[in-house]
Every structure is written in C-alpha cells, then in structure tokens.
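The values are calculated or read from the model by the stated rules, or taken from the named source; none is laboratory data. From a predicted model like this one, the values you see are computed outputs, not experimental measurements. Glycine gets a Cβ as well: all are built from the backbone with ideal geometry, and neighbour counts include every protein chain shown. Keep in mind that these areas ignore ligands, DNA and RNA; they rest on the heavy atoms of the full protein, side chains included. Shrake-Rupley method; radii C 1.70, N 1.55, O 1.52, S 1.80 Å.
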Amino acid sequence: MPRQFSSSYTGDHRVKADGSVAFSCSQDVGAWPWLTLGPHHPIAIQAQNFWTSVGAILALGGMKDGQWSALTWTEWTCGDAEAGMAVRGSYERETSGDDEHYLIVLYDGDDRQIVSMRGRGVVFRNRNFEEWRGKAKSKARSLSDAETIVFAARDILGIGMQEHPLIGVLDTHKVPYCDALITAENGLPPANPMLGGSGDHVNSVHMIEAARQALCQLTENPRVKVSGGEMELNRYVELGTPFRLDVADHSKKETVFSLVQLGKVCGKLTLRH
C-alpha cells in the first residue's frame, strides 16, 4: 500500500524511548464498517494489522511519500473471548536470530487483550512500483481464463447482507479446492464496505476472507470461529483473475490452504478454529 491516506484507523502515536509505539484506535463504525463484524473476525484482524503496522512505521519514519509496502508473513492469536472493540494498541520490533518482525497487541476499553499479531514485510524504496505492477497486471489479464466463477450460496458462507461471496462451491474430489475471484464488484467499497485494499491487487484481507468462506464449507458450519492463523505470501495475487484455494491439510482444529493463481503458488494460509 502507498503512504498517502485520506484517513487512518489509528492516531495519537507516541514513540517511546525503546522504539516501541503506542497508539489509539478508532471506534467509528461509519468510517470502518468492518468493526461491526466483531473484534476476532479475520477481516477485522487483517484490516487492523495493516492500519496499525503502517501507522506505527510512519510514526517511526520508516516510509516516505509515494512508497509502497507489501506484507510477506503474518500470524495472529486471538485473546480474551469476551473482549470488545479495540481502543488502543502497541507496536514493537522483535528479533530472533536473523528474523526480524513486528509485534502488535490490541486492547479493549477494559484492558482485555483482543489479539496479538506478528508480521513481516517489505518497502519498495527504489522501484517504479506503478509501472512494474501495470505490466504484471496486463500479463495476468492476457493469461487469465475468461470463464466466470459460479459463487457459492450466501447462507453457507457466514456472510452478512453487505458482504459478498468470494469463492465457488467446494470441490471435494481428490484434493478439495475452491475457485475464487476478487473484483471491485465483490471485494472493494462501495460494493463491499467490509473489505478494502489498495485496488492494485488482492490484499491479505481478501485472501483471509476467501479462506474463511472456504472453511465454512469444509466444516459445514457458517458460524465457525477462527481463533488464529498464519499467512505466508510470496507473490502478488491479481484482482479480476481467478485463483484457487487448495486444501493442503484439514483437521478439527486447523486448516491449511495453498493459494494458486495462473499455475503459480502465491501463498500459504492457515486458519485455527
């Protein structure tokens, strides 16, 4: 995502002497409709992951005008089941061997921990991002299958009236999989106020919601609760181009999906439930 934003979910950033950042979180459901989904919904958590991390990086001076960032790995664990809407949070850097990543923790008004999130990404500092991405998107359109996806029925996906199906019906032959497609008509405002993003490519919030919808079909439970998860992302996923979620592993407590687009593995998504 680029730095220029007309609004921000976080505010009151305070950079501490140890390099950590404290911040407040908005409770304005008009500005951030995904807040109505609940504090542990994967959409809400991934939206908060983006806004809180970028807000803290900007407060620390880690990005400049016109630069874009990309998430490459994240994992999260939900906290107190009774926790409410986030009012504040903290950001810090963690190092383990050669691995450096951020840690974000969010709290509600009663200081109950809502979620802890770790993540890692890159900032494109010297590349003409828009030109490079333009060529990639054009190539994807030329290679994309022109067939449309028949989306799964709403009532089996656990979605509200303002949301839209992102995936097709689960195919259970051999390796189970779902086809998926993200477009402006089902994955971006104003058509879908619960999902946002750069508009340049499929973002993490789209991927995790597609995986959650697939999980609803796998478990035959549209109200299945997600308690945590992990995402490993290694390629951009293009808007308007179908992709697949292959079920790599599935148990009573955890499901792993491989995200494949145009024959290339773009990521691995794990949901704990």
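Just a few scattered comments:
- Remark: the chain carries a charge dipole of roughly 560 debye about the Cα centre, counting +1 on each Lys and Arg Cβ and -1 on each Asp and Glu Cβ.
- Karplus 3J(HN,Hα) series, Hz, for segment 18-32 with 6.51 cos²θ - 1.76 cosθ + 1.60 (x for Gly, Pro): 7, x, 7, 10, 9, 8, 9, 10, 6, 10, 7, 6, x, 7, 10
- Percent breakdown of C-alpha pair distances by 10 Å bin, ordered from the shortest bin, for the chain: 6, 29, 37, 22, 5, 0
- Average accessible area per residue (Å²) across segment 6-56 - probe 1.4 Å, nucleic acids and ligands excluded: 39
- Orientation-averaged projected area, Cα convex hull of segment 14-72 (nm²): 5.2
- Over segment 19-125, the Kirkwood radius and the radius of gyration, each from Cα atoms, give a ratio Rg/Rh of 0.96.
- Relative contact order (percent, whole number), the chain, Cα cutoff 8 Å, 6+ residue spacing: 17
- Helical segments meeting 30 Å axial Cα length and Kyte-Doolittle -1.0 threshold in the chain (DSSP H): none
- Applying 1/(1 + (r/R0)^6) with R0 = 25 Å to the Cβ-Cβ distance of residue 92 and residue 234 gives a FRET efficiency near 0.45.
- Dipole magnitude for segment 211-273: computed about the Cα centre from +1 point charges on Lys and Arg Cβ and -1 point charges on Asp and Glu Cβ, it is near 160 debye.
- Average projection area in nm² (convex hull over Cα atoms of segment 160-273, one quarter of hull surface): 6.7
- Inter-label distance for residue 184 and residue 122, nm, one decimal - labels placed 7 Å from Cα along Cα-to-Cβ: 2.9
- When you count the other C-beta atoms within 10 angstrom of each residue and take the mean per peptide, 261-272, 13-24 line up highest first as 261-272, 13-24.
- Dipole of the chain, positive end: most advanced residue of 104, 56, 236 [Cβ charges, Cα centre]: 236
- Spin-label pair residue 17-residue 254: with each label point 7 Å from Cα along the Cα-Cβ axis, the two points sit 4.0 nm from one another.
- Surface per residue (accessible, 1.4 Å probe) for segment 135-273, Å²: 49
- Portion, in percent, of the accessible area of the chain that falls on carbon or sulfur, probe 1.4 Å: 50
- Summed over qualifying helices (DSSP H, 4 residues or more, each -39500 (n - 2.57)) and divided by its residue number, the chain shows a 222 nm mean residue ellipticity of -6000 deg cm²/dmol.
- Cα lying deepest toward the dipole's positive end in the chain, options 33, 188, 22, charges on Cβ: 188
- Packing, taken as the mean count of other beta carbons within 10 Å per residue, orders the peptides 200-206, 248-254, 189-195 from highest to lowest as 200-206, 189-195, 248-254.
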